[in-house]
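Only one structure is covered here, and it is reproduced in the block below.
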Amino acid sequence: MPVWGQVISAHQVADLVAYIRAGLPSVPGATPAPVITGQGPAVEGALLYQRYGCVNCHGPNGLGGVPNPQSPDKAIPALSGADFFKEFNTDEKIIEIIRTGSVLGRAPIVSMPHWGGIIPDSQLRALVAYIKTLKTG
Ligand code: HEC
């Protein structure tokens, strides 16, 4: 963390604090899409996959490939394909990694955030149901 006191003035820091305390301004049209819950867990999970930003790291349809140059695989892993389902062969194993996250080495590196206490159990199960629809190869 840089020492911001040397970069921005106390006045600017106070302004920033006031801004953050006031909450983020509402952005017209930026309301997140409602999560549909009546059409089975896989449909709900697909929406949660977008909502929680899993898609930004694991790619559309869990295809992976987002670069992570400092990690051993050089890319964020896919959540589809034979290798994934061989390692994560039970719902519990998938839920466990989502809950705990996984820190890969030193910064700057992209790690798997831990979602325990953030994503409720019913939504974790929906995410797993969705991920299992991605099974290919
Ligand atoms: C900031 C990027 C990032 C976000 C956001 C993210 N992940 Fe991950 N995820 C990773 C990385 C990096 C790994 C690999 C960790 C490792 O190998 O130790 C990983 C691993 C996983 C794994 C295990 C796959 C494997 O082969 O190791 C699953 C399952 C998973 N993530 C699901 C999710 C879900 C579901 C979400 C959304 C709730 C999510 N991830 C959000 C970066 C992310």
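The values are calculated or read from the model by the stated rules, or taken from the named source; none is laboratory data. Since this is a predicted model, take the numbers as computed values, not measurements. Because the Cβ atoms are built from the backbone with ideal geometry, glycine has one as well, and the counts that use them run over all protein chains shown. Surface areas here come from the heavy atoms of the whole protein model, side chains and all, with no ligands, DNA or RNA. Shrake-Rupley method; radii C 1.70, N 1.55, O 1.52, S 1.80 Å.
Some values worked out for this structure:
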item	result
Boolean, Pro25 is within 17 Å of Ser102 (Cβ to Cβ), open to solvent by 60 Å² or more (accessible area, probe 1.4 Å) and modelled with pLDDT under 90	no
Selection status of Ile119, within 8 Å of the ligand (Cβ to nearest atom), over 15 Å from Asn56 (Cα atoms) and either of a type outside the set (Ser, Thr, Tyr) or modelled with pLDDT of 90 or more (or both)	yes
Selection status of Leu63, within 15 Å of the chain's Cα centre (by Cα), among the aliphatic types (A, V, I, L, M) and more than 9 Å from the ligand (Cβ to nearest atom)	yes
Counted residues, the stretch 111-126 - those being open to solvent by 40 Å² or more (accessible area, probe 1.4 Å), out of contact with any strand residue (DSSP E or B) (no Cβ under 7 Å at 6 or more places or on another chain) and closer than 12 Å to Ile97 by Cα	3
Tally of residues being closer than 26 Å to Gly117 by Cα, of a type in the set (D, E, K, R) and surrounded by 11 or more Cβ atoms within 10 Å (Cβ to Cβ) across the stretch 59-107	5
Those residues of the stretch 80-97 which are near the ligand (Cβ under 9 Å from one of its atoms) and in contact with a Leu (Cβ under 6 Å, 6 or more places away or on another chain), in sequence order	Ile95
Residue list for the stretch 47-88, filter: assigned to a helix (DSSP H, G or I) and touching a residue at least 60 places away in the same chain (Cβ under 8 Å)	Leu48, Tyr49, Cys54, Asn61, Gly62
